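The values are calculated or read from the model by the stated rules, or taken from the named source; none is laboratory data. Every value quoted in this text rests on a predicted model; they were computed, and no experiment measured them. Glycine gets a Cβ as well: all are built from the backbone with ideal geometry, and neighbour counts include every protein chain shown. Heavy atoms of the whole protein, side chains included, go into the accessibility calculation; ligands, DNA and RNA do not. Shrake-Rupley method; radii C 1.70, N 1.55, O 1.52, S 1.80 Å.
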Amino acid sequence: MRISSSWLTLGASLSLLIPAWTANAQEFTIPLRPFTKVTLEPDTSFQIATQITSEASKPQEVEITRDNVGLLSSNPNKPQYNPKLSVKVAAIPEIAIPEAKNSPLSPTVVQDIKRSQPEIVSSTEPARVIPSSGAYNSGQLDPEQTLVVPTTPSEVKLEITKAITLNEVLDLIEKTSSAAIQARITLDRARASLREAQAALLPTMSASAQYSYTNSAQVQTTLPASNANPISSSLTGTVGINYNLFDSGVNNTTIRNAEYNVKIAESNLNQIRQTIRLSVVTAYYSLQNTDENVRIQTDSVTQNEQSLKDTEARERAGVGTKLDVLTAQVALANARQALASSQAAQLVARRELCRQLNYAPTVELTAADKIEPVPELKLSIEDTILLAVRNRAELDTQRLTREVARGNAALSLAKLGPQIAIFANANAADILSGGSSPNSNGFGGVGLGYQIGATLTWSLYDGGKAAAQVDQYKADQATAESVFEQNARQARYDAESAYINQRSLFKQIDTATLAVTQAREALRLSRLQLNAGVGTQLQVITAEAALTTAEGNLVQAIIGYNQARANLERAVNRL
């Protein structure tokens, strides 16, 4: 049986089309996932032309029309004023989103609930315990707060990039830093300890009540001979007042030590405040440094790419050599490698700033301030040293620690002295039923009484315990004095080194600025000479590398000067 060639051709075509139809059918059966990364300006009327859905994580083009809107763009730093904007939106993994109520958007658009707040706050951010909340409910336990950690990839995926200034960073760090929160908790605890010590100066009052029900076995043995009731019950109560009249200075010393501990906690809070502010300023300057390095290395890659194109064109024209091309290729590869390293350092610096601020895990912070030198702190080195040793919180802490050690020693000796306390008690008793008298009617009367007196306590011999405690506290005092001297020397060194670095780096800024100007002129001249045929491609590459180095030195000088200025302010406790 013969089969015509036309039928064979038709069968081959169907065999090729069936897998394609099957693949398309499988593609359309993939569940659609909504986009949740559409960011629009608030108080803006807009219309979505197409439904925002996708089946993969590939970017899609979405057409957005504006109505009397001046700014509507995915990048707020680059406003666009076209009537129709084409915005590229990236899909993220599928997540469950509750239905929005009273949403101004079209029913076909899924609104991200994380954008509904005026401030950028992540709904997955772990709850923070506010230490000051205990001050509003003194003496009461606060409600237990739920501690939350991310559990899905969508909760830790970076979705928003927010530019932040240095002033905003300094305002946030004291509110979000774990070290500052713990220091404030310690201060609240020290204040509570002071209130506890002050309460010992006031009299104490106590009350007690007792009810008893008795079925006497002894009375039961005499029942045939008497009519006594073996069952009786009574109710008694006592109210007493106690007051320490004289304690050889124990309470006063305890209160004084508690006051010193409060001041120590305040000094530690001040020290931690200065430390975390310096740390976050350093992180911000590091981020600025990485941002500028990325810009410099990007320009370097662009220049080397252009140089490589020019070199290859000269080689094709017969006026260049293969060596020039290879040299340009090597320079471009080195520039791209430096750019990749700068970009990685930039991402790490951004995450470091977010970590120190305890910011929302889905937000990536960028530096909004321009890189420019801050005003110089015009003080003589002598005045700087005097301010450092006068204002440093570390020195205040050691002074107070020494006083606490002396107070503890005095407290141990005071406990050996006489302790005098007075008391007054009032009591009442009522026999509710029963009685052993044959004439008892089953009910007794209410009796009232009182008691006043004084107690004297005097430790005549404690086996040398107090003397041993005094020796321990004397050692604590000597340790505090030694640490005070060490911190004083460190404060002077910090002030001197920061002062010297600030003056040196401030002068380097002018030198680095002049070097950048000269490097740019040298690059321009080397290119002119190359185009005129009197220069070489190696000179151009060398000039490009010199410009990149000069720009990097300028950035290092400015950032280094700003960092030295921050270190100087920290040295004098004025950051």
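Values for this structure:
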item	result
Within the stretch 454-510, tally of residues that are among the hydroxyl-bearing types (Ser, Thr, Tyr), open to solvent by less than 80 Å² (accessible area, probe 1.4 Å) and under 32 Å from the mean Cα position of the chain (by Cα)	2
Condition met for LEU332 (open to solvent by less than 40 Å² (accessible area, probe 1.4 Å), farther than 30 Å from PRO153 by Cα and out of contact with any strand residue (DSSP E or B) (no Cβ under 8 Å at 6 or more places or on another chain))	yes
Flag if THR290 is β-branched (Val, Ile, Thr), within 22 Å of LEU170 (Cα to Cα), assigned to a helix (DSSP H, G or I) and under 42 Å from the mean Cα position of the chain (by Cα)	yes
Failed criterion for ASN427 (all others in (1) in a strand (DSSP E or B); (2) on the phi < 0 side of the Ramachandran plot; (3) at pLDDT below 90; (4) in contact with a Ser or Thr (Cβ under 9 Å, 6 or more places away or on another chain) hold)	(3)
Options GLY249, GLY240: the member that is closer than 30 Å to LEU456 by Cβ and either touching a strand residue (DSSP E or B) at 6+ places or on another chain (Cβ under 6 Å) or buried (at least 18 other Cβ atoms within 10 Å of the Cβ) (or both)	GLY240
Subset of the stretch 141-167 [in a helix (DSSP H, G or I) and surrounded by fewer than 16 Cβ atoms within 10 Å (Cβ to Cβ)]	PRO153, ASN167
Residue that is most open to solvent (accessible area, probe 1.4 Å), among those in the stretch 168-206 that are in a loop (DSSP other than H, G, I, E, B) and either at pLDDT 95 or above or touching a strand residue (DSSP E or B) at 6+ places or on another chain (Cβ under 9 Å) (or both)	LEU202
Filter result for the condition that a residue is within 30 Å of SER208 (Cα to Cα) and touching a residue at least 12 places away in the same chain (Cβ under 8 Å), over ALA360, ALA409, ALA424	ALA424
Contacts under 8 angstrom Cβ, first residue in the stretch 525-546 being farther than 18 Å from LYS309 by Cβ, partner in a loop (DSSP other than H, G, I, E, B) and open to solvent by less than 70 Å² (accessible area, probe 1.4 Å), 6 or more apart	GLN529/GLY535
Close pairs from the stretch 446-463: first within 21 Å of ILE422 (Cβ to Cβ), partner surrounded by fewer than 10 Cβ atoms within 10 Å (Cβ to Cβ), Cβ under 7 Å, at least 6 apart	none
Members of the stretch 324-350 that are hydrophobic (A, V, I, L, M, F, W, C) and under 38 Å from the mean Cα position of the chain (by Cα)	ALA335, ALA338, LEU339, ALA340, ALA344, ALA345, LEU347, VAL348, ALA349
Residue list for the stretch 520-575, restricted to those being part of a loop (DSSP other than H, G, I, E, B), within 22 Å of GLN502 (Cα to Cα), of a type outside the set (S, T, N, Q) and open to solvent by less than 30 Å² (accessible area, probe 1.4 Å)	VAL572, LEU575
Qualifying positions in the stretch 299-318 - surrounded by fewer than 18 Cβ atoms within 10 Å (Cβ to Cβ), of a type in the set (Gly, Ala, Ser) and under 18 Å from SER526 (Cα atoms)	ALA313
Residue selected from the stretch 359-390 under the condition among the polar types (S, T, N, Q) and in contact with a Lys or Arg (Cβ under 7 Å, 6 or more places away or on another chain), by the criterion nearest to ALA491 (Cα to Cα)	THR366
Qualifying residue in the stretch 273-285 (condition: in contact with a strand residue (DSSP E or B) (Cβ under 7 Å, 6 or more places away or on another chain) and in contact (Cβ under 8 Å) with a residue 24 or more places away in the chain)	yes
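Residues checked against (1) closer than 30 Å to ALA478 by Cβ; (2) touching a Leu at 6+ places or on another chain (Cβ under 9 Å):
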| site | (1), (2) |
| --- | --- |
| CYS354 | no, yes |
| LEU357 | no, yes |
| THR366 | no, yes |
| PRO375 | no, no |
| ASP383 | no, no |
| GLN398 | yes, no |
| ARG406 | yes, no |
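Every residue, every condition in (1) modelled with pLDDT of 90 or more; (2) aromatic (Phe, Trp, Tyr), yes or no:
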residue: THR302; (1), (2): yes, no
residue: GLU305; (1), (2): yes, no
residue: VAL319; (1), (2): no, no
residue: ASP324; (1), (2): no, no
residue: ALA333; (1), (2): yes, no
residue: SER342; (1), (2): yes, no
residue: TYR359; (1), (2): no, yes
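Yes or no, residue by residue, for (1) under 30 Å from GLN343 (Cα atoms); (2) touching a strand residue (DSSP E or B) at 6+ places or on another chain (Cβ under 9 Å); (3) open to solvent by 30 Å² or more (accessible area, probe 1.4 Å); (4) not in a helix (DSSP H, G or I):
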{"residue": "ALA360", "(1), (2), (3), (4)": "yes, yes, no, yes"}
{"residue": "THR366", "(1), (2), (3), (4)": "yes, yes, no, yes"}
{"residue": "LEU377", "(1), (2), (3), (4)": "no, no, yes, yes"}
{"residue": "GLU382", "(1), (2), (3), (4)": "no, no, yes, no"}
{"residue": "VAL389", "(1), (2), (3), (4)": "no, no, yes, no"}
{"residue": "THR401", "(1), (2), (3), (4)": "no, no, yes, no"}
{"residue": "ARG406", "(1), (2), (3), (4)": "no, no, yes, no"}
